[in-house]
Amino acid sequence: HWVVDNPVDAKKSYPQIKEAATLLQKGEVVAFPTETVYGLGADALKDEAVAKIYHAKGRPSDNPLIVHIANQSQLNELVATIPEAAKKLMGAFWPGPLTIIFKKKANVLSEKVTAGLETVAIRMPNHPVALAVIAQAQLPIAAPSANQSGKPSPTTAQHVLDDLKGRIAGVVDGGETGVGVESTVVDCTAPIPVILRPGGITKEAIETIVGKVSLDPALKDKESQPKSPGMKYKHYAPDMPMYLLDGHIHWIQKVIQDEQAKGKKVGLLTTEERVPQYKADVIIPCGRREDLSSVAKSLYDVLRKFNETDVDIIFSEVFPKEGVGLAIMNRLEKAAAHQWMVEME
Ligand code: TXA
Ligand code: MG
């Protein structure tokens, strides 16, 4: 567990960065911060290294990994073609929280990275520590989120240690991550780009660059099969049941009281400005409602905090599915296993 004191100035020559890069070159797994969440990295070219990621996380082997790069020339080594839409999106959003699906070049990456698919997910993260580690290692780095499979993604080095201590070679501590939800995954192998996972770059922002994009039907209809294998798993889940409550404050308060009347301890996920308006056993605020990016930033930490409480049930307020709200609601719906309660007129 190495601390980078001033991540903004992270240089390849920092001893912590060098140590992380050396371990990656030796085929070990090392966690590092990105602008979205902490990633668990390994050499994407080497089967044994990539296998260690799946093993450390307890990740199903049919769920492919995102390859992280630090510069454009690394991309050319990995993909068969670069479609026009992808060029525009990279120009607008790289480095940044946008993962693009390309047709892969044959026989370069470990087969374990792509889980047998003909495509590969690639992103250039916008975090000085991540970029320095990748550049120093001089390797494409396969990196899923650095959580135990099924847990909320880690937004601090402590979250990584809580989940994976003893199972990984180390974590570079660059402080709390900024965006808080994972990158947007967009498939550019189709004529019209398709968003497979909403994330840090909004659908609206993508449309200003490439025009109309579509959403994978599985994002709207939970019965259809997602194109992104990882989206089918129950994810981000706290240990106790969770419900999304769509209604006014007084109705939500009544739902809480009804549950307490049955002898249940109730936790509530709300936003800072609404805390004084509620009574529950545990209330954890998640950002401010008028600034959805602040909600995204705190979301996983808040879900982890509920796990440390003794509440029997968690109720969560809902957010508009606009901007980063689409990613927030996607993660909340998974955490709640799609259980909703809606206020009647
Ligand atoms: O922000 C992020 O993207 C973080 C940081 C560490 O970069 N990484 C991350 O990785 O969230 P992970 O493994 O937790 O999620 C990767 C997602 C999964 O849903 C996976 O199924 C999908 O990307 N994916 C990877 N390769 C794919 C491919 N070739 N086609 C479709 N989906 C793919
Ligand atoms: Mg993940």
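The values are calculated or read from the model by the stated rules, or taken from the named source; none is laboratory data. These numbers were taken from a predicted model, which means no experiment stands behind them. Cβ placement follows ideal geometry from the backbone for every residue including glycine, while neighbour counts extend to all protein chains displayed. Calculation scope for accessible area: heavy atoms of the full protein, side chains included, ligands and nucleic acids excluded. Shrake-Rupley method; radii C 1.70, N 1.55, O 1.52, S 1.80 Å.
Below is a table of values for the structure above.
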item	result
Odd one out for ASP173, checked against (1) more than 16 Å from ligand 2 (Cβ to nearest atom); (2) at pLDDT 95 or above; (3) buried (at least 17 other Cβ atoms within 10 Å of the Cβ)	(2)
Top-ranked residue in segment 294-312 [being surrounded by fewer than 18 Cβ atoms within 10 Å (Cβ to Cβ) and touching a residue at least 24 places away in the same chain (Cβ under 8 Å); ranked as nearest to GLY178 (Cα to Cα)]	ASN307
Looking only at segment 129-144, and only at residues there that are surrounded by 24 or more Cβ atoms within 10 Å (Cβ to Cβ) and either within 16 Å of ligand 2 (Cβ to nearest atom) or among the aromatic types (Phe, Trp, Tyr) (or both), the one that is farthest from LYS57 (Cα to Cα)	ALA130
ALA205 outside any helix (DSSP H, G or I) and within 16 Å of ligand 1 (Cβ to nearest atom)	no
Verdict on ASN147 being within 14 Å of ligand 2 (Cβ to nearest atom) and part of a loop (DSSP other than H, G, I, E, B)	yes
Elements of type strands (runs of 3 or more DSSP E) in segment 15-128, at least 1 residues being more than 30 Å from LYS297 (Cβ to Cβ) and open to solvent by less than 30 Å² (accessible area, probe 1.4 Å)	38-43
Residues satisfying the stated conditions in segment 242-259, i.e. in contact with an Asp or Glu (Cβ under 8 Å, 6 or more places away or on another chain), open to solvent by 60 Å² or more (accessible area, probe 1.4 Å) and not in a strand (DSSP E or B)	HIS248
